[in-house]
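Below is one structure; the comments refer to it alone.
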Amino acid sequence: MEKDASAFLGHLAHEMRPRSDQWAGLLVERMRAELPELARHADLAEDALRETADHVGAFLDALEHGRDAAEAQAPPAALELARGFAAAGVPLSTLLRTYRLGHAGLLQLLQEQVTRVTDDQPLANAATLLLIETGFAYVDRSSEQVVAAYQEVRDRRVQRRLMITNEASRRIGTTLDTVRTAEELAEVGTDGFADLATVDLLDSLLRDGEQLRPADAPMLRRVAQRSVLDGCPDSPFATDERHVHAPGSVPAEVLATGRPVLLPVGPADAPSWLVPPDAPRFGFHSVLLLPLYARGATLGLAQFVRHRTPAPFDDDDLLLAQDIAARAALHIDNARRYTHERTTALMLQRSLLPRRPVEQSAVETAARYLPSGSRAGVGGDWYDVIPLSGGRCAIVVGDVVGRGLNAAATMGRLRTAVRAFADIDLMPDELLTHLDDVVIRLQREESREDGEISATCLYAVYDPATRLCSLASAGHVPPAVATSAAEAPRAGTAPAGLPALPIGPPLGLGGLPFETVQWELPENSLLALYTDGLVQSRTRDLDASLTLLEDTLASAARSSAPPDEVCERLLAAMLPESPSDDVALLVARTRALDPGHVATLDLPSDPAAVSGARRFAADTLGSWGLDDLSFTTELIVSELVTNAIRYGKPPVHLRLVLDAALTCEVFDANSTAPHMRRARTFDEGGRGLLLVARFAARWGTRHGREGKTIWAEQALPREAAVSEADAPPHL
């Protein structure tokens, strides 16, 4: 019976062969009805018809010649169709279902022919069983080959997806620049994936960090776009152009809902937000719109468009684009946050630094602050120029360890503390000791996750009357000195270059001493104070940087360049590129006070010397043309000299200094400082300092190694001040 059934099916297959194309059409129509998702791939319809006809022919051939269906080979058209389905992103389950439907339909058609041709029921049953057995063997064998062809293409697609994902990971987020990160996303998007990629960010987010509200129709700014066509003629917006999507449009819905969209479009119905106005049709057929969403905030919108690539986007492409857009959104948000924090820290840093040169006549200064160009962020470098009593001036440079807002805020607190300590005229080493205590107190008050608060500081005081510069360093690099004098330096004069300076520990360690050194600086000397960012370089070692610093400063001193030009020369020579660390630079050109504007008198420890001090003050002011200040100056001198003789220790010195103000200074060897108190009605003393404070613009105490100096300043009369400003202040 089996032999008869085989012969019967062979004869039947031979008769049915002329109708194979007709049957293929019927099977394709049935598959389309059962699988409506195939309608989305109309470009594969012709291939499907040819593939089905080949399958019908191959199966009929196996029946006709009695070949083993388990050894049958799938038609080449079937393999090509499987590869086309894989390339189009049709799921494998859909492909296998088409096979089941097609072969089941073919078996049904053949079974109908069996019952039509013969009335022999046993033969019909045997033929049907053999037909089913052969059909399943053919389906198993051909489906294995088709699945292998499909998987081969699928594996290449997965590999390509992994390659694109890896490329996105490697190429997106290489900098902390928002625009550059968006450009990298557009570049990756058009590298074998899309024909046009655009990135729009919220304009409010770029300007002030404001995030999108659900009811908004946000203003977008096109920050990046890239096309396979030169000049992006297929884009309706130019780079950096602002635009708003109409409510209800697909981009507006994507921004509002945060859900990506795969949008098929036709050349005739492409939306206005996609097609450039008055432009030729570019053949747009598929668009991916993806929200850029990171850390709970909507940042903008990315679009990927195909018009030259024939294959439309599929669900796998949508998943790939979502992955790339999510990575890019995180990098864009990192760049945005970094930019915002850096800008805030830089604004804070600059607001805490001196905005204009301080009015003083001891030194002519110029300063520069350069933030680092690295990702580390703004540091805590600072500089300051502080006028002191007696025409002296303090110049300071410091560096707080760390980056960002904390370092900038700590810098502001330390700068304020230095100014407060400078106002009480502390010696440089004593000032650094008190500043060290401030840093230790800050360490105790604050819990810092990024480590202990620490800083370095260089504090110098220059006296134009004696041309002495007193310096102390707390872990800070030494200053550079250059003079224009041709003669050999005298003993005690600061040598040119980088003078030896004992460097104490950084601020914040506590319990370790600092040391003050004194140098005499010739007039018009250049003194450069800087932070280590000026001499640190990736291309030079430290010794070479210091040598270059010395040479550049010496050249500027010989040419008598003003401090502002000296700063520019130093920065141009030392930092040809963006610095890797913050740089603070302060250049001071020293001045010397006219010896005729300084009058000194040594006084015996005798109350009778007070009258001589008063006469000396009156005569000196007369020679300076300041007779209008004679009465108040004699009163101040009388009180200060009386206190020094009565409560102090010899020797006692009186010094009058005429500079921007008139300063009276009385020195004695006792370190105990007087203080004001409220005198009762019948008290004989206690009113002297009240009178001094009443008639002086400022007064205070300056402690030295061997005693103290009480000083009082008076403003010059307007006429004297004008003439003093017009005349050369120093000889």
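Just so you know, in region 333-351 the residues that are surrounded by fewer than 19 Cβ atoms within 10 Å (Cβ to Cβ) and touching a Gly at 6+ places or on another chain (Cβ under 8 Å) include one that is modelled with the highest pLDDT, and it is ASN334. Residue pairs whose Cβ atoms lie under 9 Å apart, separated by 6 or more positions or on different chains, with the first residue in region 414-441 and without any contact (Cβ under 8 Å) to a residue 24 or more places away in the chain and the second among the acidic types (Asp, Glu) and in a helix (DSSP H, G or I), are PHE421/GLU430. The criterion of being in contact (Cβ under 8 Å) with a residue 40 or more places away in the chain, out of contact with any His (no Cβ under 9 Å at 6 or more places or on another chain), among the acidic types (Asp, Glu) and part of a loop (DSSP other than H, G, I, E, B) holds for GLU515.
In the set LEU442, LEU507, only one residue is over 19 Å from LEU585 (Cα atoms), crowded, with 18+ Cβ neighbours inside 10 Å and modelled with pLDDT of 90 or more; that residue is LEU507.
Suppose the filter is surrounded by fewer than 24 Cβ atoms within 10 Å (Cβ to Cβ), basic (Lys, Arg) and modelled with pLDDT of 80 or more; does ARG180 pass it? Walk me through how you get there before you give the answer.
Values: surrounded by fewer than 24 Cβ atoms within 10 Å (Cβ to Cβ): yes; basic (Lys, Arg): yes; modelled with pLDDT of 80 or more: yes.
When the stated conditions are applied, ARG180 passes them.
What are the pairs, 6+ residues apart or on separate chains, where a residue within region 582-595 that is under 13 Å from VAL566 (Cβ atoms) and open to solvent by less than 10 Å² (accessible area, probe 1.4 Å) has its Cβ under 9 Å from a residue that is assigned to a loop (DSSP other than H, G, I, E, B) and of a type in the set (Val, Ile, Thr)? Within 9 Å, the pairs are LEU585/THR531. Taking the listed residues ARG368, ARG392, the one that is out of contact with any helix residue (DSSP H, G or I) (no Cβ under 8 Å at 6 or more places or on another chain) and open to solvent by 20 Å² or more (accessible area, probe 1.4 Å) is ARG392, with no other qualifying.
It is to be established whether one or more residues within region 450-457 are touching a residue at least 12 places away in the same chain (Cβ under 8 Å) and within 24 Å of ARG392 (Cα to Cα).
Yes, region 450-457 contains at least one residue that is touching a residue at least 12 places away in the same chain (Cβ under 8 Å) and within 24 Å of ARG392 (Cα to Cα).
Residues in region 149-177 that are among the β-branched types (Val, Ile, Thr) and open to solvent by 60 Å² or more (accessible area, probe 1.4 Å): VAL158, THR174. Suppose the filter is assigned to a loop (DSSP other than H, G, I, E, B) and of a type in the set (S, T, N, Q); does THR298 pass it? Answer is no for this residue. All told, ALA311 meets the bar of being at negative phi and surrounded by fewer than 16 Cβ atoms within 10 Å (Cβ to Cβ).
Has region 264-278 got any residue that is open to solvent by less than 40 Å² (accessible area, probe 1.4 Å), assigned to a strand (DSSP E or B) and in contact with a strand residue (DSSP E or B) (Cβ under 7 Å, 6 or more places away or on another chain)? So far as region 264-278 goes, no, none of its residues is open to solvent by less than 40 Å² (accessible area, probe 1.4 Å), assigned to a strand (DSSP E or B) and in contact with a strand residue (DSSP E or B) (Cβ under 7 Å, 6 or more places away or on another chain).
Listed here are the residues, each with its yes/no results for (1) touching a helix residue (DSSP H, G or I) at 6+ places or on another chain (Cβ under 9 Å); (2) of a type in the set (Val, Ile, Thr); (3) modelled with pLDDT of 85 or more.
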residue	(1), (2), (3)
ARG281	no, no, no
HIS285	no, no, yes
LEU292	yes, no, yes
GLY296	no, no, no
HIS307	no, no, yes
PRO310	yes, no, no
PHE313	yes, no, yes
GLN322	no, no, yes
HIS331	yes, no, yes
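Of everything listed in (1) open to solvent by less than 70 Å² (accessible area, probe 1.4 Å); (2) at pLDDT below 90, the single unmet condition for ALA491 is (1).
Let's see how each residue does on (1) modelled with pLDDT of 85 or more; (2) under 18 Å from ARG655 (Cα atoms):
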| position | (1), (2) |
| --- | --- |
| ASN670 | yes, yes |
| PRO674 | no, no |
| ALA679 | no, no |
| ASP683 | no, no |
| LEU690 | no, no |
| ARG694 | no, no |
| THR701 | yes, yes |
| GLY704 | no, yes |
| THR709 | yes, yes |
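Across region 613-629, the number of residues qualifying as part of a helix (DSSP H, G or I) and either open to solvent by 20 Å² or more (accessible area, probe 1.4 Å) or in contact with a Pro (Cβ under 8 Å, 6 or more places away or on another chain) (or both) comes to 10.
Checked against the criterion of being under 30 Å from GLU167 (Cβ atoms), modelled with pLDDT of 90 or more and open to solvent by 40 Å² or more (accessible area, probe 1.4 Å), region 198-209 contains not a single residue that satisfies it.
Of all residues in region 457-466, none are over 21 Å from GLN518 (Cβ atoms) and surrounded by fewer than 20 Cβ atoms within 10 Å (Cβ to Cβ). Each residue in region 596-612 was checked for being free of Cβ contacts under 8 Å to residues at least 12 places away in the same chain and surrounded by fewer than 15 Cβ atoms within 10 Å (Cβ to Cβ), and 2 of them qualify. Residue pairs whose Cβ atoms lie under 9 Å apart, separated by 6 or more positions or on different chains, with the first residue in region 643-660 and among the β-branched types (Val, Ile, Thr) and the second assigned to a loop (DSSP other than H, G, I, E, B) and open to solvent by 40 Å² or more (accessible area, probe 1.4 Å), are ILE645/PRO604; ILE645/SER605; ILE645/ASP606; ILE645/PRO607; VAL652/PRO604; VAL652/SER605. Give me a count of the residues in region 353-364 that are surrounded by fewer than 19 Cβ atoms within 10 Å (Cβ to Cβ), of a type outside the set (Gly, Ala, Ser) and touching a residue at least 12 places away in the same chain (Cβ under 8 Å). Residues in region 353-364 being surrounded by fewer than 19 Cβ atoms within 10 Å (Cβ to Cβ), of a type outside the set (Gly, Ala, Ser) and touching a residue at least 12 places away in the same chain (Cβ under 8 Å): 6 in total.
Candidates in region 538-564 are the residues that are open to solvent by 10 Å² or more (accessible area, probe 1.4 Å) and in contact (Cβ under 8 Å) with a residue 40 or more places away in the chain; of these, the one that is farthest from ALA366 (Cα to Cα) is ARG538. Show the residue pairs that are 6+ apart or on different chains and have beta-carbon atoms under 8 Å apart, the first residue being within region 476-490 and over 14 Å from LEU521 (Cβ atoms), the second being at pLDDT below 75 and open to solvent by 30 Å² or more (accessible area, probe 1.4 Å). Cβ pairs passing all conditions: none.
The values are calculated or read from the model by the stated rules, or taken from the named source; none is laboratory data. This one's a predicted model, so the numbers in the text were calculated from it and none came from an experiment. A quick note on method: Cβ atoms are made from the backbone with ideal geometry, for glycine too, and the neighbour counts reach across all protein chains shown. Accessible surface areas use protein heavy atoms only, side chains included; no ligands, DNA or RNA. Shrake-Rupley method; radii C 1.70, N 1.55, O 1.52, S 1.80 Å.
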